[in-house]
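The values are calculated or read from the model by the stated rules, or taken from the named source; none is laboratory data. Since the structure is predicted, the reported quantities are computational estimates derived from the model, not experimental observations. With ideal geometry, Cβ positions are generated from the backbone for all residues, glycine too; neighbour counts draw on all protein chains shown. Note: areas computed on protein heavy atoms with side chains; ligands, DNA, RNA excluded. Shrake-Rupley method; radii C 1.70, N 1.55, O 1.52, S 1.80 Å.
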Amino acid sequence: MNELMNITESGVPESRLNDPKSVKEMVLQMIQADDTRSGVRSKVKGLVDGNAPYKNSDLTRTGQSFRTNVNFREAESFLNMGVSAFFDVFSEVPTYATVKIDHGDVNDSERYSRIITEEFDKMQKKDGNFDYLMQLSQHEMVLYGTGPLIFEDNFDWRCKPVKSADLLVPDGTKSNVADWPACAVRSNYQVHELYSFIRNQEAASKAGWDVSAARSAIMAAAPKPHGLGSRNTWEDAQQELRNNDLSFSSRCDTVEVAHVFYREFPTEEHPNGAISHCIVDMRGEVESFLFRKVNRFKSWSECVHCMYYDKGDGMHHSVKGMGVKMYSALELKNRLRCSLVDAAMARSQIMLQPESPNDLN
């Protein structure tokens, strides 16, 4: 894959990723490297979802359509028990988080910490989406080994769960987020979601959005005009979006993007290296970043969390969840049970032995 920029004779680069085309190529290379692991995840998902152990088309083609072909859903049961156990540990604590402050008098700090902890816990429990989001993360963690969570906004305490398939890291990355050099998160935005980021153009530009590039992405996803007098301009698209025209959004393609987070070189302000954030459009030619903010986060803990099932052998791609670990055994168990059913059915049938050609006819 394309490497992050390093220190040269001319000095330390302002940022280690500056070319949007190179960033997109880096993401595509990580997607290609993930092909084999994607195949494993699809098999595990099929086992849990109830896919039969044999393809019905293969049985029919070989004249074995009479054979038992059933998924006994034992994998789904194990997954539910595993997720329930983790959720009980998560949800049965006194508070979801403990907030500590280290300013002012010691006695006041303890009292303020307790008050903020109580109020923050109330806010989390009142949020109708928090429970749902955490269960999605735990499902991905138990099934595949990682339950990624990201924070897209510096000022929003709410996290966003990410599919394990949508989190991409370079080969050789450690199973410790603090040591990551970079990662990419694939995402799909509907046009009204992307428009909400750039609706206030001045604020969007200050935040790091390239308003012109975002407009182009929205227009590329917009339905093509047809008929005489039809127009396909940003003016028309903006008017429909501003009017909250859901029919327009539903007729548009989604905008496929990749969030790329990467660590910068250490500086006096950021001794451990700050985390920069950029967004690239994964469709068509890339001329500029949709979004780019250098040194946006102080550390990985402010933007990406990978909830590992275990630490594997120390590498990210060595971590396996319960679904991956039980796949082979339970797939074999399904086939064995199907064979036992076939054998039982055969033994229970009345077998007639012909003694002459006339009997056979």
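Some notes on this structure:
- Within a Gaussian network of the chain (alpha carbon springs, distance under 10 Å), most fluctuating of 266, 94, 161: 94
- Taking the helices alone, the chain has a mean residue ellipticity at 222 nm of -14000 deg cm²/dmol, built from -39,500 (n - 2.57) per DSSP H run of at least 4 residues and averaged over all its residues.
- Distant-in-sequence amide contacts of residue 308, defined by a placed amide H-H separation under 5 Å and a gap of 5 or more residues or a different chain, comprise 147.
- From the alpha carbon centroid of segment 189-226 to that of segment 287-361 is 40 Å.
- Kirkwood hydrodynamic radius of segment 298-361, from the reciprocal of the average inverse Cα-Cα distance over all distinct pairs: 17.4 Å.
- The ratio of the alpha-carbon radius of gyration of the chain to the globular-protein estimate 2.2 N^0.38 Å is 1.31.
- Heavy-atom accessible area with a 1.4 Å probe sorts 270, 305, 259, largest first, into 305, 270, 259.
- When the Gaussian network model of the chain links Cα atoms closer than 10 Å, the mean-square fluctuations of 73, 283, 111 top out at 111.
- Taking amide H positions as modeled 1.01 Å from N, with prolines and chain starts lacking one, the residues under 5 Å from residue 291 and 5 or more places away or on another chain are 210, 279.
- Heavy atoms of residue 306: accessible area, 1.4 Å probe, square angstrom to 10: 20 Å²
- Within straight-line reach of residue 24, meaning a Cα separation under 25 Å, sit the following lysines at least 8 residues removed in sequence or on another chain: 160, 163, 174, 206, 293, 298.
- Compactness relative to 2.2 N^0.38 Å, alpha carbon Rg of segment 259-322: 1.43
- Solvent exposure of residue 90, expressed as accessible area, is near 50 Å², computed with a probe of 1.4 Å over the protein chains only.
- If R0 equals 25 Å, the separation of the Cβ atoms of residue 287 and residue 256 corresponds to a calculated FRET efficiency of about 0.95.
- For segment 77-234, taking the reciprocal of the average inverse distance between every pair of different Cα atoms yields a Kirkwood hydrodynamic radius of 19.9 Å.
- Dividing the mean sequence gap of close Cα pairs (under 8 Å, 6+ apart) by how many residues the chain holds gives a relative contact order of 21 percent.
- When the chain is treated as a Gaussian network with alpha carbon springs shorter than 10 Å, the biggest mean-square fluctuation among 336, 168, 136 belongs to 336.
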